[in-house]
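Shown next, in structure tokens, is the structure this report addresses.
Read the figures in this text as sums done on the coordinates, not as results from a lab. Computed from a predicted structure; not experimentally measured. Cβ atoms come from the backbone with ideal geometry, glycine included; neighbour counts cover every protein chain shown.
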Amino acid sequence: MIPTPDLSHLSAQDYEHVYEPAEDTFLLLDALEADAEELRSLKAVVFLEVGSGSGCVSAFAGKILGPSALYLATDINHRACDCTRRTGSQNKVAVHTINTSLTTGLHQRLKNSVDVICFNPPYVPTMSTEASEAQDLRGIEGSWAGGSDGMQVTNTFLEVVHELMSPTGRFYLVAVKENNIPKIQSRMENLYQLRSKIILTRRAGREHLSIVRFEHTTAPTL
Amino acid sequence: MVRLLTHNLLACHVKGCTSNNFPLQFQNVQIELREADFNADFLKNFLPKLEWKALVDSAKDLGDTSLPLEQPEMLDDEFLKNLHHVLLEIHVEEGSMTCPNCKHSYPISNGIPNMLLAEHEIG
């Protein structure tokens, strides 16, 4: 078993501004752990977490993929970037943190290069304006307010993720039932030739959480 | 942590700025040198993904001239040590990065690059 990253350096004050790891985070960790052997066999060179928040997922990925991979993490919230950096050093994983929206600024240079991408997006359905305002505020609200169907921010990333993935690259997405996962899956296959599978689901309170794993239809099945 | 490795992956993304938008040029930087664990496999893995000229030029801007102008075919220990230092041990803590094309300036604060744009600048 891979231990959950040490987050003892983060305080209640940090969690006023940055999303505290919860059931959705832990489900993503469990999915990565279940795939650990396959991920190692892919010999990942570049790992990227979008919207890294506390940095818990990136630090955990570091324990799976080891020191020969590059860990990149982005967040629109500068306080989250700071937490991610600290969580990296606390867990001895060198996480390179960039304060940006999704992958803007990195996209041009990372085309077809990223072996593992993780995104735990703001998936909670809210008013559309609430989601836009939350992204503009660049604070903790942006970690959950997802607009119409909870897909407003996710949709923007789903349009570009296929360009970032390496030929054997994998993309792990956290989603809830309200996001209409079957619709996401068929759209990604039809528009971007990404096949997908729901690899883990769990009920946490009112949320029906799932982890969806995408890969190029041309990628070999492991 | 803006290290030269991260810097080698960042390009300007202002609306319409799509050529000559890389590498961003360091301005008014404060640098700290910090030792990092040497890992030859990591360097060899990552080498093909680097834009070599951008790395050499940016290292020079930060005062490091240890890298050869052309990427060598033989990866000897001395080369890997120098590459390790340039990519991972030079930390830009404060300053900014300016686009060579549109001159947009991206701030670096507390070691973190800020690539966010205002709404009207987004492509």
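Worth a mention:
- Members of region B:1-57 found to be crowded, with 19+ Cβ neighbours inside 10 Å, in contact with a Ser or Thr (Cβ under 8 Å, 6 or more places away or on another chain) and under 17 Å from residue B:98 (Cβ atoms), listed by number: B:4, B:7, B:8, B:13, B:23, B:24, B:26
- Checking each residue in region A:167-196 for being closer than 19 Å to residue A:114 by Cβ and in a strand (DSSP E or B) picks out A:167, A:168, A:169, A:170, A:171, A:172, A:173, A:174, A:194, A:195, A:196.
- Qualifying positions in region B:38-65 - within 9 Å of chain A (Cβ to nearest Cβ) and among the aromatic types (Phe, Trp, Tyr): B:42, B:46
- Screening B:111, B:95 for residues that are touching a helix residue (DSSP H, G or I) at 6+ places or on another chain (Cβ under 8 Å), surrounded by 15 or more Cβ atoms within 10 Å (Cβ to Cβ) and either of a type outside the set (Val, Ile, Thr) or more than 10 Å from every other protein chain (Cβ to nearest Cβ) (or both) leaves exactly one candidate, B:111.
- Of all residues in region A:83-109, none that is over 19 Å from residue B:107 (Cα atoms) has its Cβ atom under 6 Å from the Cβ atom of a residue that is among the basic types (Lys, Arg), 6 or more apart or on another chain.
- Qualifying residues in region A:181-221 (those that are within 18 Å of the chain's Cα centre (by Cα) and polar (S, T, N, Q)) - the one surrounded by the most Cβ atoms within 10 Å (Cβ to Cβ): A:210
- Flag if residue B:76 is buried (at least 17 other Cβ atoms within 10 Å of the Cβ), among the charged types (D, E, K, R), away from chain A (no Cβ under 11 Å) and more than 26 Å from residue A:77 (Cβ to Cβ): no
- Helices (runs of 4 or more DSSP H) completely within region A:22-97 that count 2 or more residues being surrounded by fewer than 24 Cβ atoms within 10 Å (Cβ to Cβ), out of contact with any Lys or Arg (no Cβ under 9 Å at 6 or more places or on another chain) and within 12 Å of chain B (Cβ to nearest Cβ): A:78-90
- Pair list, Cβ < 7 Å and 6+ apart or interchain, from region B:98-109 residues that are basic (Lys, Arg) to residues that are in a loop (DSSP other than H, G, I, E, B): none
- Selection within region A:101-151 - buried (at least 17 other Cβ atoms within 10 Å of the Cβ), among the β-branched types (Val, Ile, Thr) and either over 23 Å from residue A:23 (Cα atoms) or facing chain B (nearest Cβ under 10 Å) (or both): A:103, A:104, A:114
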